[in-house]
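These notes are about the structure you will find just below.
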Amino acid sequence: MFELWVPITLAAAFLQNLRSALQKHLKGRLSTAGATFARFGFGFPVAVAYVLLLHHGFDFAYSTPNTSFFLWGVLGGATQIGATALLVYLFGLRNFAVGTAYSKTETVQAAIFGIVFLGDGLGAPAILAIMISLVGVMAISLARSGGGVKSLATAIFERSTLIGLASGALFGISAVAYRGASLSLDGPHFLMQAGYTLAWVTGLQTIAMLIYIRLREPGQITKILQSWKVAGIVGIAGALGSMGWFTAMTIQNVAYVRALGQIELVFTFIASTVFFKEKSTGTEIVGIVLIVVGILLLLLKG
């Protein structure tokens, strides 16, 4: 069944892929924190403009925040920043490839957290689809870094593995928290619920990142402003992508949305093969096939 959340998630995954590519380009000019801030700082005005458009252009009433909304929102924003920080930290470790692969367990962990905290249910076909896609994602991650399947088992108790799992857990919690925040608003329309949540969370993240950069990286804010053209595009792409994620997770189970969102790797594979003429390994191709099979099973559920 081709439901509304499907095209919204596909668009979000595409925009996230675009944002990531632009952010890598920006990373050459800014620090990791500076490039990360571009996503939130330049995306915040776009999120606010989106909420204003829904209110004044489409006559949607503003959502009414409550204690539950703020608690879920703060949890989501904080865990997303923490997850990103752990992922970046992984790159400095010796066995970062395995840790990164384990961080891809985000979808499975999000499914577990969704069941525990929100009561989201999953059928057997969906669980199978998610696990198949997970194997594909981890295979691609290892193939691109030169790791092997054996390294997944032998490094189970290594520091990089534990950090990777922690990163995946925090990403999973943030996704569930965003859904919880949006659902706690209980109307007036799912578009406003998602947009309102995005605006608040992005605002909080912008403030937190500004304080961090000001205290820990003096002069970085000036560099960010000097790179406003690329940073602005990163912010716009990031905000539009987040609109898609938040909207999809408002109307559908987080596990389904994040599992379908793994099609981002397929987009990356196509771009690297078609546009950049890069050669792919057999493991990467198998990984892509598994992701596609998992996604098809997910869409054909029930």
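Kindly provide the set of residues from region 7-31 that are closer than 16 Å to Trp228 by Cα and either under 14 Å from the mean Cα position of the chain (by Cα) or touching a residue at least 12 places away in the same chain (Cβ under 8 Å) (or both), ordered by number.
Arg19, Leu22, Gln23, His25, Leu26, Arg29, Leu30, Ser31
When region 245-260 is examined, which residues are found to be out of contact with any Phe, Trp or Tyr (no Cβ under 6 Å at 6 or more places or on another chain) and surrounded by fewer than 24 Cβ atoms within 10 Å (Cβ to Cβ)?
Asn253
Look at region 1-56 and say how many of its residues are in a loop (DSSP other than H, G, I, E, B) and surrounded by fewer than 17 Cβ atoms within 10 Å (Cβ to Cβ).
Number satisfying all stated conditions: 7.
Quick one: in region 166-216, which of the residues that are assigned to a helix (DSSP H, G or I) and free of Cβ contacts under 8 Å to residues at least 60 places away in the same chain is farthest from Ser31 (Cα to Cα)?
Ala194
Name every residue in region 109-127 that is more than 14 Å from the chain's Cα centre (by Cα) and among the hydrophobic types (A, V, I, L, M, F, W, C), in order of residue number.
The answer is Ala111, Ile112, Phe113, Ile115, Val116, Phe117, Leu118, Leu122, Ala124, Ala126, Ile127.
Results for (1) out of contact with any Gly (no Cβ under 6 Å at 6 or more places or on another chain); (2) of a type outside the set (Val, Ile, Thr); (3) assigned to a helix (DSSP H, G or I); (4) under 27 Å from Ile140 (Cα atoms), shown as yes or no for each residue.
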{"site": "Pro218", "(1), (2), (3), (4)": "yes, yes, no, no"}
{"site": "Thr222", "(1), (2), (3), (4)": "yes, no, yes, no"}
{"site": "Ala231", "(1), (2), (3), (4)": "yes, yes, yes, no"}
{"site": "Gly241", "(1), (2), (3), (4)": "yes, yes, yes, yes"}
{"site": "Met249", "(1), (2), (3), (4)": "yes, yes, yes, yes"}
{"site": "Lys279", "(1), (2), (3), (4)": "yes, yes, no, yes"}
{"site": "Thr283", "(1), (2), (3), (4)": "yes, no, yes, yes"}
{"site": "Gly287", "(1), (2), (3), (4)": "no, yes, yes, yes"}
{"site": "Ile291", "(1), (2), (3), (4)": "no, no, yes, yes"}
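Every number in this text was worked out from the coordinates using simple rules, so none of it is lab data. These numbers come from a predicted model, not from an experiment. Don't worry about glycine lacking a Cβ; one is built from the backbone with ideal geometry, like all the others, and counts go over all protein chains shown.
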